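A short write-up of the structure that comes next.
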Amino acid sequence: GKDGYRHYMEKELHEHPLVIGQTLQRMIDPANRKVVLPDMPFDLATVPRAVITACGSAFYAGMVGRYWLESIARLPVDIDVASELRYRDPPLAHGSLGLLISQSGETADTLAALRTLRQNAVHILSVLNVEHSTMARESALVLGTVAGPEISVASTKAFTAQLTVLACLTIAIARARGTLDPLGEEELVAALLDLPSRAADVFAQGDAIRRMARVVAEARDVLYLGRGSMFPVALEGALKLKEISYIHAEAYAAGEMKHGPISLIDRTVPIVASAPFTPLFDKTLSNLQEAKARGGRLLVFTDTKGAERVSAIAEEMVVLPHVHDFAAPILQTIPVQMLAYEVAVMKGTDVDQPRNLAKSVTVE
Ligand code: F6R
């Protein structure tokens, strides 16, 4: 049941801290605080590159994974949505790592992409929530997200669990490739282990999130912005808003705004930005200032270190605890999903069963 929550989505949003914690428990040895993966049927140290593919939210999790794998493990990464990858016929380096991400393990396009990759001698590692699924059976290795069943059609906790697995996988690959020393690993693991309690802190921001939601609920179009690992968080926020509130939303890498979308900006198009205090904070802030100068209304997710400077320009802001850059996309996802939920509740839509959508897309 819904355990007293109004919708399954609300219940599942509240499971973020638990799910992140359970997923970490599966992948981190508490005694020496190191990532421990199951035995691999291939050598992570020698894969020449990774190909990541998935659909929808799972694809956005993969985009964060690319950011981590490139910057921390120095592994070259290709990424595409499964519906494109399956027909692209790309040249694939023999022995590459194919990273498939899916909550259900049954998504038709992701499964077809898996088969294409496997036929091209790519090692298949799937990040799955349903561990007895078709994709699980066809993978060389499965890393499970310990999210439990997700009933709401809109994905919430499965997404942060996917990010948690990809973060741990990044650490393991980086160690294998010699790009992360023990001290570096300790720092990243500590950042992850801190997440369940920081995630629980997000729920104290309900009032601030609802104030933002009142602005968004009146809009016909909304622009989401983020840079670096916050760009996929913006994409996830825009997808969730479209999916359950039926408000049109687009996400842009903040630096792309001046190449076109800036002409959309006026009082009627609120801008939702994910801008915690990471090394790209100043860059994002200057993009937001440009938007404000053109009459844009800024609704900004930030953290305690970014709050003072954000408050000077934002109409509404949500301040989360400051966490390590590595963990920031996981934490910052939660309020962005909560915003979509609150807007949908205000609009009175069928939150758990949005129109035209199915939980598992098993046809092409
Ligand atoms: C978004 C959403 C969808 C799924 C996508 C992939 O909230 O639920 O975009 O993420 O259909 O589904 P899985 O992960 O089952 O392959």
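Of all residues in the range 130-164, count the ones that are among the β-branched types (Val, Ile, Thr) and crowded, with 24+ Cβ neighbours inside 10 Å. Quick ask: steps written out before the conclusion?
Keep residues of the range 130-164 that are among the β-branched types (Val, Ile, Thr), which gives 130, 134, 142, 145-146, 151, 153, 156, 160, 164.
Next, from what is left, pick out any that are crowded, with 24+ Cβ neighbours inside 10 Å: 145, 156, 160, 164.
Qualifying residue count, the range 130-164: 4.
Looking at Val122, Val127, which is the one that is in contact with a helix residue (DSSP H, G or I) (Cβ under 6 Å, 6 or more places away or on another chain) and surrounded by 18 or more Cβ atoms within 10 Å (Cβ to Cβ)?
Only one candidate passes the filter, namely Val127.
Is it the case that some residue within the range 32-42 is in a strand (DSSP E or B) and within 10 Å of the ligand (Cβ to nearest atom)? Even if it seems obvious, please write down each step before you answer.
If we filter the range 32-42 for residues that are in a strand (DSSP E or B), which is where we start, we get 34-35.
Now drop any that are not within 10 Å of the ligand (Cβ to nearest atom), which leaves none.
No, the conditions are met nowhere in the range 32-42.
Limited to the range 242-272, what total is found for residues that are within 16 Å of the ligand (Cβ to nearest atom), assigned to a helix (DSSP H, G or I) and either farther than 25 Å from Met346 by Cα or open to solvent by less than 50 Å² (accessible area, probe 1.4 Å) (or both)?
Count: 3.
Answer yes or no: is there a residue in the range 107-122 that is over 13 Å from Leu169 (Cβ atoms), more than 16 Å from the ligand (Cβ to nearest atom), in contact (Cβ under 8 Å) with a residue 60 or more places away in the chain and in contact with a strand residue (DSSP E or B) (Cβ under 9 Å, 6 or more places away or on another chain).
For the range 107-122, residues over 13 Å from Leu169 (Cβ atoms), more than 16 Å from the ligand (Cβ to nearest atom), in contact (Cβ under 8 Å) with a residue 60 or more places away in the chain and in contact with a strand residue (DSSP E or B) (Cβ under 9 Å, 6 or more places away or on another chain): present.
Please specify each residue of the range 56-103 satisfying the condition of being assigned to a helix (DSSP H, G or I) and closer than 13 Å to Thr116 by Cα.
Matches in the range 56-103: Ala82, Ser83, Glu84, Leu85, Arg86, Tyr87, Arg88.
Need pairs with beta-carbon distance below 6 Å; first residue over 9 Å from Ala275 (Cβ atoms) and within the range 292-303, second open to solvent by less than 10 Å² (accessible area, probe 1.4 Å); sequence gap 6+ or separate chains.
Note: pairs meeting the criteria are Lys292/Leu298; Gly296/Ile271; Arg297/Pro270; Leu298/Ile271; Leu298/Leu288; Leu299/Met212; Leu299/Pro270; Leu299/Val272.
Please go through (1) more than 16 Å from the ligand (Cβ to nearest atom); (2) touching a residue at least 60 places away in the same chain (Cβ under 8 Å) for Glu70 and return the number of the only condition it doesn't satisfy.
That leaves (2) as the condition not met.
Output the residues belonging to the range 273-318 that are among the hydrophobic types (A, V, I, L, M, F, W, C), part of a strand (DSSP E or B) and open to solvent by less than 20 Å² (accessible area, probe 1.4 Å).
As a first pass, look at the range 273-318 and keep what is among the hydrophobic types (A, V, I, L, M, F, W, C): 273, 275, 277, 280-281, 285, 288, 291, 293, 298-301, 307, 310, 312-314, 317-318.
Narrowing the set further to residues that are part of a strand (DSSP E or B) leaves 273, 298-301, 317-318.
Result: Ala273, Leu298, Leu299, Val300, Phe301, Val318.
The values are calculated or read from the model by the stated rules, or taken from the named source; none is laboratory data. On a predicted model such as this, the values are computed, not experimentally measured, just so you know. We place every Cβ from the backbone using ideal geometry, glycine too, and count neighbours over all the protein chains shown. Ligands, DNA and RNA are excluded from the accessible area calculation, which covers all protein heavy atoms including side chains. Shrake-Rupley method; radii C 1.70, N 1.55, O 1.52, S 1.80 Å.
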